[in-house]
Structure formats: structure tokens, C-alpha cells
1. How long, wide and thick is the protein assembly as shown, going by the Cα atoms along their three principal axes, in whole angstroms, largest first?
2. In square nanometres, what is the average projected area of the Cα convex hull of the stretch B:152-228?
3. Let me have the relative contact order for chain A, percent, based on Cα pairs under 8 Å that are six or more residues apart.
4. Based only on other Cβ atoms within 10 Å, what is the fewest-to-most ordering of B:HIS372, A:HIS64?
5. Say R0 is 45 Å: what FRET efficiency, to the nearest 0.05, do A:ARG54 and A:LYS141 get from their beta-carbon distance?
6. Quick one: Debye curve from the C-alpha atoms of chain B, no solvent, what's log10 I(q)/I(0) at q = 0.08, 0.09, 0.12 Å⁻¹?
7. Step through the residues of the stretch B:487-497 one at a time and calculate ³J(HN,Hα) from phi using the Karplus curve (6.51 cos²θ - 1.76 cosθ + 1.60, θ = phi - 60°), rounding each to whole Hz and writing x for Gly and Pro.
8. Quick one: Karplus J couplings for the stretch B:300-311, per residue in order, coefficients 6.51, -1.76, 1.60, θ = phi - 60°, nearest Hz, x for Gly and Pro?
Amino acid sequence: MAPVQVQAVPVTPDSTIVPEKVREGIALEINGENYRHTGDPQMPLLWYLRDVLRLTGTKYGGAHGENGADLVLVNDKTVSAISVPMAKLADKQVTTVEGLAANDGTLHPVQQAFIDEDAIGCGYCTPGWLIAAVDLLKRKKQPSDDDIDQLPNLCRCGCQTRVRRAIKRVAAGKAGQP
Amino acid sequence: MSERTTNDGLRNDGIRLSRRRFLQVLAAGAGVLMVGISAADAADAPVPLGLLGNTFYDLGAFVRIDSDGNVLIGARDPETGTGVATSLPRIIADELDADWSRVRVVPLGLGVADNNGQPRWTYGRQIGGTGSSIPAAWADLRQVGALARWLLLQAAAQRLGAPANRLRCESGAVIAPDGRRLDFGSLVEDASKIALPNNAPPPKSADHFQLIGKPAGDVDARAIVTGQMQFASDQQSGDALVAVLMHCPWPDGTLEHLDSSDTMAVKGVVKVVQLKPEPGQPWGSTVIAPAVAVLAEDPWAALQGLHSLKLTWKPGASNSESSASLEQQASALLISTTDPSARVRNDGDVDVASKKAARRLQATYFQPWLAHATAEPMNCVVRLDKDKASVVVPTQSPRDAWAVVQRLTGLGPAQIEISVPRVGGGYGRRLDHDYVAEAVMLAQASGKPVRLLWTNEQDLDHDYYRSGSVHQLGAVLDRKRQLLGWTQRMASASALTHRGVPDNRLWTSEVDADQLPAALVPNYRSDWYALNSAIPRGPARGMPHLSNAFAVESFIDEIAHSMKEDPLDTHLRLLGDPRQVALSAGSTLDTGRLLNVLKLVADRIEWKNWLHSVNGLGIACWHVNGAYVAHAIEVAMQGQKLIIQRVVCAVDVGRVINPMGLEGQVAGATLDALSTALNLAITFNDGQIQQHNLKDYPLASMAQLPDAVEVIIVPADDVPPTGASFLAMPTAAPALANAVFRATAVRVRRLPLMKELLRLL
């Protein structure tokens, strides 16, 4: 089945009104675009992403994000998207798996390394692993095995050893190379 | 035999392969050539070729070549993470000599046509995650590519004025002896007019394989890493209601009281619906337990509504059950003189052998109930119209999903459309379709399309679990330490109960009559005792090998220890000389191939040091449906912490289609089995499951698992390929437990291992 791509409409700040009119809702940035959530402030980010914006790369991973499939970056920190209500996200920057690649489609080195190492089982939890790996490599350019051990994700297909190789491949600057 | 019919100017003819299968060619106007296999199910009456249909999707596992040279290949088996959406199309593409970079793979939904009111399965078998996709594909898919290639070669021969047997194909082109090159795309139109041969062109010889045996990444990899892959639970359907639900803790319980006023007050909630299992329907085809569903405009409203329900359940008779008391019953049965529910195998006379024994050993192993814990929870999208049902469902068996929809809607065979996007993990759970029944019932009750989404809590609380089991093993040895006799007594609750399987076949999900060391020991007896339980059971990954290999391969290690022998030597003596040993149903055990994988892992882990190693080394081997596997594992204890230092796994699966995919399956199954053995158990008390989320049912963390799995793939090109999706599961746990014994002197006979080890240390 062809992937269905649904473009969410970014809300562009209206610069013609000075001073800016007080606007309803919660303004936040997702994958570099500005959005304003005017619904229930208690709605978890996960449902806002998946159901309102239709960014379905971030998956449901349990009531408290137990398997890590719902990880996103909020101001460069990994967060379980089901565990954070929209109310806490005013003016925050969110990055989801859809926001990892460059605008021209060039993959993030971590994405490329996951392809290189075939670090994919069924693929459902992969977006969460990618987010966690991006976060780790941002904090530590050369992560040790112990650092990699701290990743919170769970995977029954058993992609862990291939994920470890993918992370080391990025650290070695070899993503996309044979 | 070639037949030809014409429909509206389309070409539609084929070669009969067997009574019910045709190799079929479709040419829909200019510029498209398609070849596929049209199959009729064994249960169907044979059908004339003219009924086979003439549209794109009437062809099952097919190849379509466009005039621009692009190739489209249909993947017929559900992709649950086992790699079949990559490996099956590569079998076709290799036979076609296609350029893989120009091949696009499309997942096929269920192929079903109306044959006088009965379903005809137009794509043949469609089942995923059971280890059978590759062997089945090897038998027929190659013919699809071979015929397409043959047609292209004939077309090129005509154009070049050269005999076809002087031409060759390479990477999407036909190449003449003088070097002239004709792209497949340029030949499509001519090829579609070539008369068919009387017999299917034979598949190419192995020395011409271009893709088979070469590594390839998952065809969906880019879509997955960019978040664009659409699983069923990602499907948005404009006017569909989102349904979430809560099941009764007891499958045989009832709803006592329901107050949904708070729920209906939640903005966005539309309806509250009660569901009940249909009496008399087999497990897996109806609602798993009574349930209350909340239907709402979006998931957040539905979940809030669910949490606002005020309800009480009344337990059924199953509320007296506990996993602990079932295990006590099992233990009591195994030491009783009660006749077994099934005598699985009885070679020689183990009682007579026992009297001559120099030494007798016995040990009992205990294994817990297990859940499936798929990453993607159960879910299903159903849209019902007057004369049509459209269903999007993560299933391993679309045909069984179809049957549930058909029964509940009464629609005709071809009025039901089953789409199967990539599936977020199967492990056997999605061979059952209770959640499909629920979604259909909710669509009927609401008059609207429904997206049913289970929570992970519902998945763990309401599964078709793998039964816990007790295995009592006995060995009879002569003075020369040869195994004279072997007894296996196992008690478990069959996965086949309530599924229309006769009582005398209930053992078949629990124990394999051919499992090690059957057929290698002259006196061998295997008995199975049925436990009764209302807790639902069903197919599970690696069943029945997972539990049996742990018991058997642990016991062989115990035998070795009792004889002060190297367990590798004990294995080598048991397997004997390389030879073919007859098993049930005409299959054979090739002891040479089993010895080979065992020796390979032993060499790699430097087994010769096993006695003197500071760390503990463990080894185990097994055979499953003509494939062979061995694990060698090295562990160390750091205080109370178990470190898995090294894991080596060797597999012999016959010819390897995709070594990269195979390595992933072997490493993945190893890690799954280690995670399960280390940590996992489902328990129940008062008939209620006690694990509700992944904190209670803790899949192993990255830190608990080994840093690497060293996979050795045996080249065995002389043997047809076998499935590998769970092959590497059975031996991981016994190799681990045997290694733990060497490291700690503690013999773990009860899983999960960590809990038992810490208790015994």
C-alpha cells in the first residue's frame, strides 16, 4: 500500500497585526513548522501528532509509552509523547521521526545507518529507536556500549544488536558507506 | 497445455501447472506485461481458465513489467517483520533477471473471488510469520519470473533475428552475443503477443542466480525510518469512529452493572456498546471476553470516555483458576499412574530398557505462561456498506480474517475486501481474529465505519496465551554411558482446545513427535497430559519447540554433568555418525547437518576451554522442519547481575534467499528467546491475569541483552530453502541455562531464569 502523506497546514504568525493580538491556544513548533493547538490542553502530544496533524510516524507505545515507540524530541530531550499533555508544550520545539530527514529528503545519518544495518524488525517501534539514537548521538559523539545500554526502547523482534551497530556506524562516520 | 480466452481485447491465457493452479499471462493493452499464478484452493472445485479473471489484481503473486522498464511485484504473504515482502519478490525478480533497483514491491490484500457463492482463493496460500512462506514460494514463485523472462527472450529473439538460446538476460535487459542490449521495457509489447509454450519454462539453474543468496535490506526500510510507513493502526478514515474497549477479566464472566453517563458526557463520545463472545464459536473467531466499547470521534475522547465508565463484572466459573494451582495439577499428573491424554511416540520398550540400566536420571522443568506482546496492539478498520465490507487489518492470515467478516455480515465472497498493510509484529497472535469480529460488530452496532484500537493493557490481559508446562524427563544409560532409553512426560493446556480440533490431536501444538532425541535413542517414549483451563490459548512463536528444547537440551547437559563428560561430547555421541534418520511423515533428520551447526558454534566460542573458562559456557542444538540450529553462549556473573558476554548461533536453512534478512531473523529470534527466558511470565490468580503492561511483563532492556549475536550461516545450496522466522528461538534458553550452570553451579529448571536464579543463588 502506498504511504499516505497528509500535509498538515502550518499556522503562520500574522505579522501585520501590531501589537500581536492575543491568540487562543497553545503555540508550538513541530519539525520546524509553527502550529497552534486550540483543543483540550490535556490532550497528550501523541494524539495531537497522530490524529490532528496526522503525523503517524510516532506510534502508540503503551499507556505510559512503555516500549518507547512514542518517543519524540522536545527541546532536544527525548519525551514519551503520550505522557506529555499539550498544556506543557507552549513555545516548545518538537521533533518527530518525520522531522529527522532534511527538507530535500536527505536522510539523517542515523536513519541511513538503520537502513545500512537493516536495524528493523516489524518496523513499528523503529521511529522511537531513531529518536532515542539521535538524542544519544547528540549528547555523545562516541557513545560507549554502556551509553547505548541506556536506551529505553523495547523490541520483541530483537533489533537491538543491529541498532547498536547502526549507532556505532554513525559514530564512526560510516553511515551510507558500504 | 495452453489455453486461450479473450476478454474485451485483453490477452488472458495461461499454462496449467496442476489441476488447480495456472501460470497466467495478462497483457492489458500496450505497454504492460503481467505474469502470475492463479490458484484455486485445494478445497475448491477445479475451475476453467476463463474464470480466472482479467484484471491487475486477479493475478496473485505476480510480476508486472511496464514499457519504461519498471517492474512491479506483488507480495502475497503478510509482512510481520520476517522479511517476506523482500525475500519473496526477490525470488521472482531473480528468475526474471530484473534490475532490483527498478523493482517496486506492493503488498497484496486477500485474493478472493466468488465461485458460485463459495470463496476461491485466487492468490493461493497467504500466511505470514509461520516459517512456511519461503518453502511455499520456492515451489511456485520462481515459475512466475521464469515465464516472464521466457516471453521477453522470445520477443528479443524475433527482433534481433537470433535464436533465443543465444541470448541472455541481465539486470533488466536482454543481451545478444554481439553485445546489443534490449531493455525489458522495450520488449514488453512484443512479449505480450508471444504464444505460450506447452509447459512452464523451467526455473534457471543455481549458478545463474543474481539476487538469491545476496544480501538485501528490507524493501520498506526507507518508509519506516522516515515515519511514512502506514500500519493498519495508522490508517485514517474520515468519518470512522474510534473504538477503544475494556474486556471482562474472566472470559466466561458477565457484565453486572454499567453506568455510562459520565462517559457519554465526554465531548466527542458518540456511543457505548456491549460486546459478547458468540456461543459455540471457536477461539480466535469471536470476541475473546465480554467487553464494553466506547466509540468516539477521536482516540483521546474515546480513551477519556473509557476511563469514565463505571462498571462491574461478575466472574464466571474460571475465577477459581490460578497458574500456580494448574502447575501443581500438572506435577501431580506427571508423577501419577494416570494414562496420558496422548502417547506421542513409543519406540522400542523403555520399561524393559530401564531394567537393564546402569544408571537412571530424571529431572523436571517448569515453564510459564507467555503472552505475545506485539509492538502494534490489536486493531482493525471496518467499513460496512450494503453490499460491501472493506477491512484493513494487521493479520498473519487474511483468509481467516475474511471468514470472520463473512460470517458476521453474510456478504458474498468477493464483496469483502481485506487489506493487509505491514504488520507490527505477529508471533502467532494475529493468526486469531477476535479483534476483527469486534470491529465488525461495532460497525454494525454504530452504523458507522469503525477504527478499533486496543491498548497494550488489553493486549496483555486478553491474549491467546502460550500455556505453561511441566516436563518430566528421564534417561536410561548403559555401562558405556550410551543412552538406552528416554522418557518425556509433559503436561500443558493445549493451544488447540476450542478450535474444532479432535481430542486425539490436541497434543500436536504442545510437543513434536520427532523432537530431539527421538529416533536417536532405541527406546523412546513421549506422553502428553492435558490440563484444562478457561484461560484462552493459541499459536505462539516457536511452539512447541520453545518449551521442549529448553527441557531436552537442559537435560542433556545434566546427563553430561552427571557423567562428568563434556556436554559437547555427549551431544556428539548422541547424534552419532552423519546419516539420514527417518522421522514421521516421510521427513528425515540429517545428523550431519545438525553436527555441523553444533561444531561451528563450538569452534567459534572456543569450546575447548569450557572446563577452564572463568566464565560459563553453554551449548544447545535443535532441528525444526528440516532446518538446523545451534547456540553457544558465554555468561559471567557480577554479583547478582548476569552478563551475557557472547552469543553465537549457527543455522542451516538450506539455500539462503537473503543472507541479510536471515541474519536479522536469527539475531532477532535469539534476542526474543533470551528476553523471554530471562524475564517473562504470565501468571493468573482468581482467573485474572496479573500482568497488565510492559513493566509487569518486562521485555529485556538493551542492557540485559548481549551486545552482539554472532550469526553463522551454513551454505547449503544443495537443499531447498526452509523457513527461518523462529528457527533460532528454541536453543537460546537452554544454551543460556547451561552456561549459567557452568558459571554458578546453579541448575535453573524453571523459567523465567532471572527470578529463579536469584532465588537459588
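1. Largest to smallest, the principal-axis extents are 90, 78, 60 Å.
2. 7.7 nm²
3. 21 percent
4. Neighbour counts put them in this order, fewest first: A:HIS64, B:HIS372.
5. Once rounded, the FRET efficiency stands at 0.85.
6. At q = 0.08, 0.09, 0.12 Å⁻¹ the computed log10 ratios are -0.72, -0.90, -1.38.
7. 10, 10, 10, 10, 10, 7, 9, 5, 6, 9, 5
8. Going residue by residue, I get 5, 5, 4, 5, 4, x, 4, 6, 8, 5, 10, 8 Hz, with x marking Gly and Pro.
No lab work stands behind these numbers, since they all come straight from the coordinates. For clarity, every value in this text was computed on a predicted model and none was experimentally measured. Cβ atoms come from the backbone with ideal geometry, glycine included; neighbour counts cover every protein chain shown.
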